[in-house]
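For reference, the structure is listed below as structure tokens.
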Amino acid sequence: MSPITPPGETRERIYRFVRRRILEGLPPTVREVKEAFRFRAVQTARQHLERLVAEGSLVKVQGKSRLYRLPGRVETLLVPLLGRVQAGGLQVAVEECEGYLLAERRGSEEMFALRVQGESMSGAGILPGDVVIARRQPEASSGDVVVALVGDEATIKTLRLSRDGIELHAENPDFGPIIPRPEECTILGKVVEVRRYLEGFA
């Protein structure tokens, strides 16, 4: 018979696991904790997590499946990861929430995240596989990197405003600008952060 791990030791291992995942930007769900530690029941994982909250090691965030963050002065926000966006040609925009990322709260602003495809923004340091975090806003300044909707297709580009209207410019000389008619283009948000992961995450 295998020796029984003391509850305190198990809880410390769970804390280290949750802390690492939070610092990587994707706090685990209760079910993911259950699976990582091979508990028979979700309730066992939940009890350990609630004890860590009671001890002050974790803080519980209401209203989301990924409930936990680290205590501290910086207030954090769970940002929905809404699938992929093209940094190249245009691509049909489909919002499919893959999960949540942890980010620093910026006032009451609404944020969203997208995974990047394409190489048109490589000159701005935005590469395929990166995750961009954007602030939802319908307007932006010339020179801002934005997520824009042209018709039903989304793209990440540098916004240029001129007398003739909106231009969406790549940061890669292999790609030309997109010059939509004003009624065709909607600014969804301004990119405020870029994250790069050396290993993929689910």
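The values are calculated or read from the model by the stated rules, or taken from the named source; none is laboratory data. These figures come from a predicted structure and were not determined experimentally. For neighbour counting, all protein chains shown are included, and Cβ atoms are generated from backbone atoms with ideal geometry for every residue, glycine included. Note: accessible area is taken over every heavy atom of the protein model, side chains too, but ligands, DNA and RNA are not part of it. Shrake-Rupley method; radii C 1.70, N 1.55, O 1.52, S 1.80 Å.
Among what's in segment 167-176 and is in a loop (DSSP other than H, G, I, E, B) and open to solvent by less than 40 Å² (accessible area, probe 1.4 Å), pick the residue that is farthest from Val191 (Cα to Cα). Can you show your working first?
First pass over segment 167-176, keeping only residues in a loop (DSSP other than H, G, I, E, B): 170-176.
Going one step further and asking which of them are open to solvent by less than 40 Å² (accessible area, probe 1.4 Å), we end up with 170, 172.
Numbers: Ala170: 14, Asn172: 17 Å.
Once the filter is applied, the top-ranked residue is Asn172.
Does Leu82 qualify as being of a type outside the set (Phe, Trp, Tyr) and open to solvent by 40 Å² or more (accessible area, probe 1.4 Å)? Don't jump to the end; show me each part of the working.
Details: of a type outside the set (Phe, Trp, Tyr): yes; open to solvent by 40 Å² or more (accessible area, probe 1.4 Å): no.
The answer is no for Leu82.
A quick yes/no check of all residues on (1) among the charged types (D, E, K, R); (2) open to solvent by 60 Å² or more (accessible area, probe 1.4 Å); (3) closer than 28 Å to Val18 by Cβ:
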| position | (1), (2), (3) |
| --- | --- |
| Gly99 | no, no, yes |
| Glu104 | yes, yes, yes |
| Phe112 | no, no, yes |
| Ile126 | no, no, no |
| Val132 | no, no, yes |
| Val145 | no, no, no |
| Ala154 | no, no, no |
| Leu159 | no, no, no |
| Gly165 | no, no, no |
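Can you name the residue in segment 82-115 that is closer than 15 Å to Leu168 by Cβ and hydrophobic (A, V, I, L, M, F, W, C) and, of all such residues, is modelled with the lowest pLDDT? Walk me through it before giving the result.
Applying the first criterion (closer than 15 Å to Leu168 by Cβ) to segment 82-115 yields 85-91, 93.
So of that shortlist, the ones also hydrophobic (A, V, I, L, M, F, W, C) come out as 85, 87, 90, 93.
Details: Val85: 85, Ala87: 81, Leu90: 73, Ala93: 65.
Once the filter is applied, the top-ranked residue is Ala93.
May I ask you to verify whether Glu119 is in contact with a strand residue (DSSP E or B) (Cβ under 7 Å, 6 or more places away or on another chain), open to solvent by 10 Å² or more (accessible area, probe 1.4 Å), without any contact (Cβ under 8 Å) to a residue 60 or more places away in the chain and not in a strand (DSSP E or B)?
So Glu119 does not fit the description; no.
Limited to segment 161-202, what total is found for residues that are under 24 Å from Glu109 (Cβ atoms) and over 22 Å from the mean Cα position of the chain (by Cα)?
Of the residues in that region, 4 qualify.
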